[in-house]
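Taking it in order: structure first as structure tokens, then the write-up.
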Amino acid sequence: MQVSSLNEVKIYSLSAGRSLPEWLSDRKKRALQKKDVDIRRRIELIQDFEMPTVSTKIKVSRDGQYIMAVGTYKPRIRCFDTYQLSQKFERCLDSEVVTFEILSDDYSKIVFLQCDRFVEFHSQHGHYYRTRIPKFGRDFSYHYPSCDLYFVGASSEVYRLNLEQGRFLNSLQTDASESNVCDINPVHFLFAMGTAEGKVECWDPRTRHRVGVLDCALSSVTADTEIDGLPSISALKFDGALNMAVGTSTGQVLLYDLRSSNPLIVKDHHYGLPIKSIQFQRQLDLIISADSRIIKMWNKDTGKIFTSMEPEYDINDLCLYPNSGMLMTANEAPKMNIYYIPVLGPAPKWCSFLDNLTEELEENPESTVYDDYKFVTRKDLENLGLAHLIGSSLLRAYMHGFFMDIRLYHKAKMMANPFAYEEYRREKIRQKIEETRAQRVQLKKLPKVNKELALKLIEEEGEEQQVTRKRKQKNLPSLLKDDRFKVMFENPDFQVDEQSEEFRLLNPLVSKISEKRKRKLKILEELEAQEQEEEEEPEGKASDAESSESSDDEKGWVEEVRKQRKLLRQEEKVKRQERFKEDQQTLLKPQFFEIKEGEEFRSFKDSAKKQKLMKKTLGDRLKLEEKLGTLNVSDTTVGSKQATFKLKKSEQQKKQQEAEKQHRQERKTLRRSASHLKSKRGRGRLFH
């Protein structure tokens, strides 16, 4: 059971905790309850109070014995008997239920409005009758004096179905294009319907005439509200003879007195979500309004928030158990939530134990922090010799142990354990040893990639820390801990290649240094393999070797560079010989290239000639062009020079000219042959 508090109002969530799947056997359920503490502590008020996937509507019968809920998937209704705290029956339906109404005091008469325009009637034994309305319905109400069902939906008409005569009556013609919700006043039976245009139309069922219209869309817009479109009516509820609450699709709740066209109060949920349900709590003069995200309780006179609840899943419907402090919600989840708020009223008769349970929790509130108290078990008390204090005011029982004053605990411990100082001393020595071990370089901290580079950085950091301690300076951040260079020690693509030419020339002493580090890595691996049982362990012999060899490294710098260069040359010679052998063994195959259309292959010498020509100066190129005849330079009368060029024709232009020339010759030959034939025909006619 989960407890929350807002504005000093405690709310007990009775459905909190995990639910067990239906397909588990009773034996496995009992085994899970023994193992899992959360399952063992949960309160299952009504057995299997859930739906397969989603619950859409939930209602309580007038006698308070039955709770009915509809949901999916598959579409079904489930009836729960509160006297038995279990499910009474389950019936599957042909299509999803938009809403339903319980006409009798118990479950014997139920009407369902389905999403495929069908209206289905159920009796105590099951399905009874099914009919259809002309347009898709969204809500309906039952008029008890005349036994009429009023259906509103995607139409301007309100359809009336008389259950006594068993036929449809003349419908009510409204000014709205569509209607979303409707309700009938339980006192004077005034019929009210909320339209998509944001208006509420009130009708008198006796005369079948409209008696009033309220423009709720205009009244819901205030200085503090922000709306994106025209608010439509999404919820409607009567309270007594004169009060009516209206919920809009933009998240506002308006409370009206039927004698006035202006709302008494406008309450905004500030979520911009349609209001799903509205309920009245008459004992405290509260209005309970719910959208898909939050349930708010507020005073209907002042609009002040009483408390609120935000379930984990979206809310589809809200139901207040009559004359009690219990709330039930249908959610976008299999489990239907049950809340108990003691301030709203007592627990129902069938779960009166909730009052005793909540009273005990309020008398013994849970405290998570005890600064001046020590928690001890019964075994600890026996070890301290304080078992005789159980039941006295010095010990406070809590769960599986007791709380006692911390001063009394320290005194008893000193008397019971006089050698506590020796234990304290050993603990301090152990802590000092652990601190010295933490300062060592451990192989566990070295990364998988670039181990030698990481070891080098750790050594440099150790030297810098010693310098900064002497100079009392601040330590610089470590590269190993820096997120910017983290990938270099994790991704294998950043592994340093020590055999490359660049690395070996830039680091001529890398061979000796790498040997030292490899020795260190081996020592560290050996130390890690051994069990660290002794308090002090040898650190290795690498430090003395480094100090003795540092001077030799400086003297042999030039020699090491020469050796590296000789090695690189030898490696290059070996690689050349291998390539030469491979070239001799491989046979070269001729390769063919395709030339584009409109181009001719001359030779590879043309490109070389062009490159040589481009290297020459402008004067040399002009002289060459004069020799070839494509350029003519002459002096003018003014004293300047004039140059005329002859453009070179491309291959395509030459081909085109040749084709045109050939075409002209063909036409000439055709003309000559035609004139020759004409002359022959003329001579033949003269002869005849």
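Table for the structure above
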| read-out | value |
| --- | --- |
| Number of positions in the range 261-288 that are free of Cβ contacts under 8 Å to residues at least 60 places away in the same chain and either assigned to a loop (DSSP other than H, G, I, E, B) or touching a helix residue (DSSP H, G or I) at 6+ places or on another chain (Cβ under 9 Å) (or both) | 14 |
| Members of the range 320-337 that are open to solvent by less than 10 Å² (accessible area, probe 1.4 Å) and assigned to a strand (DSSP E or B) | Met326, Leu327, Met328, Thr329, Ala330, Asn331 |
| Matching entry among Thr222, Thr174 (being in contact (Cβ under 8 Å) with a residue 40 or more places away in the chain, of a type in the set (Val, Ile, Thr), surrounded by fewer than 21 Cβ atoms within 10 Å (Cβ to Cβ) and assigned by the TED database to the domain that holds Asp268) | Thr222 |
| Filtered residues of the range 195-217 (kept if on the phi > 0 side of the Ramachandran plot and open to solvent by less than 10 Å² (accessible area, probe 1.4 Å)) | Gly198 |
| Single unsatisfied condition, Asp483 versus (1) under 47 Å from the mean Cα position of the chain (by Cα); (2) modelled with pLDDT under 75; (3) open to solvent by 100 Å² or more (accessible area, probe 1.4 Å) | (2) |
| Selection from the range 442-455 of residues that are modelled with pLDDT of 75 or more, assigned to a helix (DSSP H, G or I) and within 11 Å of Leu480 (Cβ to Cβ) | Leu453, Ala454, Leu455 |
| Residues within the range 220-242 that are touching a Lys or Arg at 6+ places or on another chain (Cβ under 8 Å) and under 15 Å from Gln279 (Cα atoms), tallied | 3 |
| Close pairs (6 angstrom Cβ cut-off, 6 or more residues apart or separate chains): in the same structural domain as Ser234 (by the TED database) and open to solvent by 10 Å² or more (accessible area, probe 1.4 Å) in the range 77-102, assigned to a strand (DSSP E or B) and among the aromatic types (Phe, Trp, Tyr) anywhere | Gln87/Phe80; Val97/Phe112; Glu101/Tyr142 |
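The values are calculated or read from the model by the stated rules, or taken from the named source; none is laboratory data. Being a predicted model, the structure only gives us computed values, none of them experimental. Because the Cβ atoms are built from the backbone with ideal geometry, glycine has one as well, and the counts that use them run over all protein chains shown. Heads up: the accessible areas ignore ligands, DNA and RNA and are worked out on the full protein's heavy atoms, side chains in. Shrake-Rupley method; radii C 1.70, N 1.55, O 1.52, S 1.80 Å.
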